[in-house]
């Protein structure tokens, strides 16, 4: 009951006892209305606060899901792009390239999480290369919509299709398709199938409550993947069952937004945030269940309502007592006014554990939530001193603090409370001193922040991890960095403080280029990621997987992971893919590239290229009589002799067991014959291996390039000449005519 109303009743009671009944009834009604209005205001504000918390929570989950999915899609796109470029250089129509294409697709498949197949179809739609192809049957994708779109595609960008049902595995997949173009003409498609279950597994790692949901849909709202703990309804992939609120929000803003709706899939009311996944035709939806999230608010509302009802009953009892005695009524009304003032203050202080202490530090009133916070009961706590649960202060220091308090003083402190079970919790405590009835009372609102502090410690631990280097950069200067970042670049703790970022870049050009590209991407609202050769403190190179995300204007968070060993391993594998493992000469694949370059240079310089197809005479006899070890040693020596004779601009390649190809560039006059004669004589020289001499000879076929001849045609002519020489007389050099291809 408001103090003014109670005092009015006391005054009127002394003047006119006859109006007492009417006055008391009106006062009780006014108190009921006041408490009801106060409860409605408190519950409305609290409900609004919970709604804001729900929106913040789902927007955070949606942002994380967007970043995770976008990162995975960018990785897949990067692998598909790189593989497409490499396959196009191999020219899939060449049968000799088929084993290498299959090997490339198999290797690159391992780089893409969730990918179940990586395949290549020719321009007719027939899948000829790739992983997991069905045995004994043809696989044709020419009827697929993405294949038809690829045929119409004017550029070589990646096409995303799905979800679609895989005809091989029977799984729902998302297809990433890249058109192949050779000499400007459509030559087929390279595509990877990613199982939608991969996204479900990714979403299952999020900390979701029962009834919450994270969903991935395409632009047509077709379901791609969904994770909802405790779900009883499991929608089908590709199903379009969304609320009108979702459609309205997505239509108004494709990039992202927030809405509240009842979800048709399971009938659950959720607050949902959504984010478009970059330029990809997908969006992530993160929803929190109202049934679970707002349960705490409903419990709080019931508790406050019961408390208000209890207070109103007390007032009614007090006014009933006034009927019996005007004196007792006056005292009761004064007590009710004081109690009403306490109730107002309690309800106005935000917090979980509401409690009241007198000027001596004795607990005189509290909410049930405060007793629960201390793992105790009202009966055990009432009458106890603050020092019995304050883990940081003794009774003397508390008494000194209380002596300095004045009416309306307000304080906010972070303390530790000791529970009755012996454990301690971190508490955010708000205090206000109020003078009521000549007595100073201290009202407190305590909130358990143990979990929040633990979360802060966990976030600190993540930032200070030992694996991923992280640094905060402002104005291209380091203002914070973790130990892992300093270790990646070889700096001691503190050496990078307030240093310019230029010190970790390999040169000024790289520093400027990365700055221009990165800040342009970050200003567009997306993350930047690349691989860079950077520089350690000692000047040595370090390869880094480099990423950045904008925190505020002109302030970014930089991430760096040392990938030097991975880069070196990749370079080693690339070298092995183009070299003969025995002689280390270029293999057939690298020969094709070298020959194509030589022909291109010859056309520009108006010169010719000579191709010599060389076959060792007598090599099989060496293998059969002296063994394969001697044969291998012989091949290595022959390779060494070839390299010692040829010029740096020429090429010697091993294309078979005892077959070599020599590419002589920029030839003039008859100098090619002198070179090949030296080769023939060098091959005939005996090779001393394991205490014995091995003898072989060389039969060579030679062909000269013509302006309109391809590399394959030129190589075939030289091979044909070698075979003719073998049939006629071994150890000879047979030359093809430049006009009709006959021996000269």
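The figures follow:
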{"read-out": "Tensor-based shape of segment 71-196 (alpha-carbon gyration tensor, a/c under 1.5 rounded, otherwise prolate or oblate)", "value": "rounded"}
{"read-out": "Rounded tilt (10° steps) of 20-90 against the dominant C-alpha axis of the chain", "value": "10 degrees"}
{"read-out": "Taking 611, 104, 64 and counting other C-beta atoms within 10 Å, the order from fewest to most", "value": "64, 104, 611"}
{"read-out": "Of [x] -0.77; [y] -0.61; [z] -0.55, the label for log10 I(q)/I(0) by the Debye sum over Cα atoms at q = 0.07 Å⁻¹ derived from the coordinates", "value": "[x]"}
{"read-out": "Residues residue 111 and residue 391, FRET efficiency given R0 of 51 Å [Cβ-Cβ distance, rounded to 0.05]", "value": "0.45"}
{"read-out": "Cα gyration tensor shape for segment 578-735, rounded if a/c is under 1.5, else prolate or oblate", "value": "prolate"}
{"read-out": "Folded to 0 to 90 degrees: helix 671-684 orientation relative to the chain principal axis, Cα", "value": "90 degrees"}
{"read-out": "Extension reserve of the residue 649-residue 557 stretch, reckoned as 0.36 nm per residue once the Cα distance is removed", "value": "28.3 nm"}
{"read-out": "Normalised alpha carbon radius of gyration of segment 199-292 [divisor 2.2 N^0.38 Å]", "value": "0.97"}
{"read-out": "FRET efficiency estimate (nearest 0.05) - Cβ-Cβ, residue 133 to residue 690, R0 56 angstrom", "value": "0.80"}
{"read-out": "Residue-averaged [θ]222 nm for the chain, counting only DSSP H segments that reach four residues, each worth -39500 (n - 2.57)", "value": "-14500 deg cm²/dmol"}
{"read-out": "Nitroxide proxy distance, nm - points 7 Å out along Cα→Cβ at residue 730 and residue 258", "value": "8.5 nm"}
{"read-out": "Inter-label distance, nm, simple model (7 Å from Cα along the C-beta direction), residue 636/residue 64", "value": "5.6 nm"}
{"read-out": "Cα-based shape type of segment 560-659, given that a ≥ b ≥ c are square roots of the gyration tensor eigenvalues and the cut on a/c is 1.5", "value": "oblate"}
{"read-out": "Fewest-first sequence of 402, 723 by Cβ atoms within 10 Å of each Cβ", "value": "723, 402"}
{"read-out": "Sites residue 509 and residue 681, calculated FRET efficiency, Cβ-Cβ separation with R0 35 Å, nearest 0.05", "value": "0.10"}
{"read-out": "Extension gain from residue 313 to residue 406, taking 0.36 nm per residue of separation minus the Cα-Cα distance", "value": "30.2 nm"}
{"read-out": "Distance between modelled label sites at residue 240 and residue 201, nm, 7 Å Cα→Cβ extension", "value": "3.0 nm"}
{"read-out": "Rounded Å value of the spacing that divides the Cα centres of segment 358-407 and segment 180-252", "value": "54 Å"}
{"read-out": "Cα long-axis angle, helix 711-728 against the chain (0 to 90 degrees, to the nearest 10)", "value": "40 degrees"}
{"read-out": "Exposure proxy order (Cβ contacts within 10 Å, fewest to most) of 302, 506, 543", "value": "302, 506, 543"}
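Each reported figure results from applying straightforward, stated rules to the coordinates on display, with no laboratory input. From a predicted model like this one, the values you see are computed outputs, not experimental measurements. Here Cβ is always computed from backbone atoms with ideal geometry, including for glycine, and neighbour counts include all displayed protein chains.
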